[in-house]
Amino acid sequence: MNQPLSLLPIPLLDWYRDNARDLPWRREPTPYRVLVSEIMLQQTRVAAVLDYFARFMEVFPTVRDLADAPEDQLMKLWQGLGYYSRARNLQKAARQIITDWGGKFPTEYKDLRALAGVGEYTAAALASIAFGRPVPAVDGNLLRVSARIMGDSTDVTTAKGKKHFTEALREIIPLEEPGRFNQAMMDLGATVCLPNGAPLCRVCPAADFCCAHLEGRTEEIPVRPAKKARRVEDRVVWFFFNGGRVAIRRRPDKGLLAGLWEYPNEPDGDEPPAAWGLQPGGTEFAGTGVHIFTHVEWHMTARKCYLQEDRLPEGWVWADKASLRDRYAVPSAFAPFRTLVEEELV
């Protein structure tokens, strides 16, 4: 057992008692609410999730409501939150719970891990918070806090490194309060032992025994390799208008932004591709925008034009202002052009 880390549980839980973040899924930590919150929080800030979680619970208050939901309704509710495959997997998991478990959540880690979209961390969070199982929920916060307290230079991004820190945490997680321990570690990492910028060691409950703090190595730990530069893609985004409507199309079922609606776009061109069979009277430059995904950046140039005919390529639809608001989920990648569209859809 790592000696500094073994000193953590008592002061951490005392600190958490006074400093826990007031989050809606913690007020009523049912398995369903924990699952939805944890899926929403993947690669997303807590502040960005709060309103989405409230709306989601209002529309889909139970796991059966989610399982029965039309996909377009689910995607529209998720619009702007990003990483849309999370929403599809969440619904798949809900359907598994209905069909395989009679509508009741499995309670063991290995069974939770078998649900769609539920990885090691999410299964551990569910098992510990909702069912009191002593499983460390190891995310970036727990890795960072553990590595600093232990003064450990093991690369936290490797499978070997993650297993190393998981085993260290497994030895010290309190059997009687595993959920509170995991949430306390999350909060400590999010509010004190910060990922970006200097950690707030003066208010940390582990300051007296944290090796990285005592040795002046908090900037060096945790150890991570340098991030690879994102790939840049140039896109020309086409806005075809007709009588207060704009043309949109659905993206392929696999890949980036799978299955969502988008404004037609191509890598380049000042005129629409001939294959579309569209003949606008003329096109004009309508602005630029940038959207950053995890591994790629879209550098977009907008061109707009007006069509006299209703005919569109197969799979495209005309969307008016109401249907864009209520029905079609257009990802936030196209947010730089929201004003352009709104001004045309009167």
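The values are calculated or read from the model by the stated rules, or taken from the named source; none is laboratory data. Predicted model only: the values in this text are computed from it and were never measured. No Cβ is skipped: glycine too gets one built from the backbone with ideal geometry, and neighbour counts run over all protein chains shown. Heavy atoms of the whole protein, side chains included, go into the accessibility calculation; ligands, DNA and RNA do not. Shrake-Rupley method; radii C 1.70, N 1.55, O 1.52, S 1.80 Å.
Being among the hydrophobic types (A, V, I, L, M, F, W, C), part of a helix (DSSP H, G or I), more than 16 Å from residue 122 (Cα to Cα) and out of contact with any Ser or Thr (no Cβ under 6 Å at 6 or more places or on another chain) narrows it down to one residue among 54, 93; which is it?
Details: 93 fails: more than 16 Å from residue 122 (Cα to Cα).
Result of the check over 54, 93: 54.
Which residue out of 190, 206 is in a helix (DSSP H, G or I) and within 29 Å of residue 25 (Cα to Cα)?
On the way: 206 fails: in a helix (DSSP H, G or I).
Just a single option satisfies the conditions, and that option is 190.
Go through (1) under 30 Å from residue 207 (Cβ atoms); (2) open to solvent by less than 10 Å² (accessible area, probe 1.4 Å); (3) under 16 Å from the mean Cα position of the chain (by Cα) and name the single condition residue 74 misses.
Result: residue 74 fails condition (1) only.
Quick one: would you say residue 255 is at positive phi and touching a strand residue (DSSP E or B) at 6+ places or on another chain (Cβ under 9 Å)?
Values: at positive phi: yes; touching a strand residue (DSSP E or B) at 6+ places or on another chain (Cβ under 9 Å): no.
The answer is no for residue 255.
Take the residues in the stretch 57-66 that are surrounded by fewer than 19 Cβ atoms within 10 Å (Cβ to Cβ) and in a helix (DSSP H, G or I), then tell me which one is nearest to the chain's Cα centre (by Cα). Talk me through it step by step, then tell me what you get.
Of the residues in the stretch 57-66, the ones surrounded by fewer than 19 Cβ atoms within 10 Å (Cβ to Cβ) are 57-59, 61-62, 64-65.
Retained after the next criterion (residues that are in a helix (DSSP H, G or I)): 57-59, 64-65.
Values: 57: 17, 58: 20, 59: 19, 64: 22, 65: 21 Å.
The residue in question is 57.
Pull out all pairs, ordered by first then second residue, where Cβ-Cβ is under 9 Å, the residues are six or more apart or on different chains, the first lies in the stretch 240-267 and is free of Cβ contacts under 8 Å to residues at least 60 places away in the same chain and open to solvent by 60 Å² or more (accessible area, probe 1.4 Å), and the second is assigned to a strand (DSSP E or B) and among the aliphatic types (A, V, I, L, M).
Pairs found: 256/296; 267/236.
When you scan the stretch 1-46 for helices (runs of 4 or more DSSP H) that lie fully inside it, which ones turn up with 1 or more residues that are closer than 22 Å to residue 108 by Cα?
Numbers: elements: 3-6, 9-19, 24-27, 31-41.
Counting at least 1 such residues, we get 24-27, 31-41.
Residue 306 versus (1) of a type in the set (Ser, Thr, Tyr); (2) in contact (Cβ under 8 Å) with a residue 24 or more places away in the chain; (3) surrounded by fewer than 15 Cβ atoms within 10 Å (Cβ to Cβ); (4) over 26 Å from residue 228 (Cβ atoms): which is the lone unmet condition?
Failed condition: (3).
Taking helices (runs of 4 or more DSSP H) that do not extend beyond the stretch 96-150, which have at least 2 residues that are over 24 Å from residue 199 (Cβ atoms) and open to solvent by 10 Å² or more (accessible area, probe 1.4 Å)?
Output list reads 109-113, 120-131.
Which residues, counting only those in the stretch 169-187, are within 17 Å of residue 149 (Cβ to Cβ) and part of a loop (DSSP other than H, G, I, E, B)? Please lay out each step first, then the result.
Taking the stretch 169-187 and keeping what is within 17 Å of residue 149 (Cβ to Cβ), we get 169-174, 181-182, 184-187.
Listed by number, the residues that qualify are 173, 174.
Could you tell me which of the residues 338, 311 is surrounded by fewer than 16 Cβ atoms within 10 Å (Cβ to Cβ), basic (Lys, Arg), out of contact with any Phe, Trp or Tyr (no Cβ under 7 Å at 6 or more places or on another chain) and assigned to a loop (DSSP other than H, G, I, E, B)? If you could, list the steps in order and put the result at the bottom.
Details: 338 fails: assigned to a loop (DSSP other than H, G, I, E, B).
Unique residue meeting the criteria: 311.
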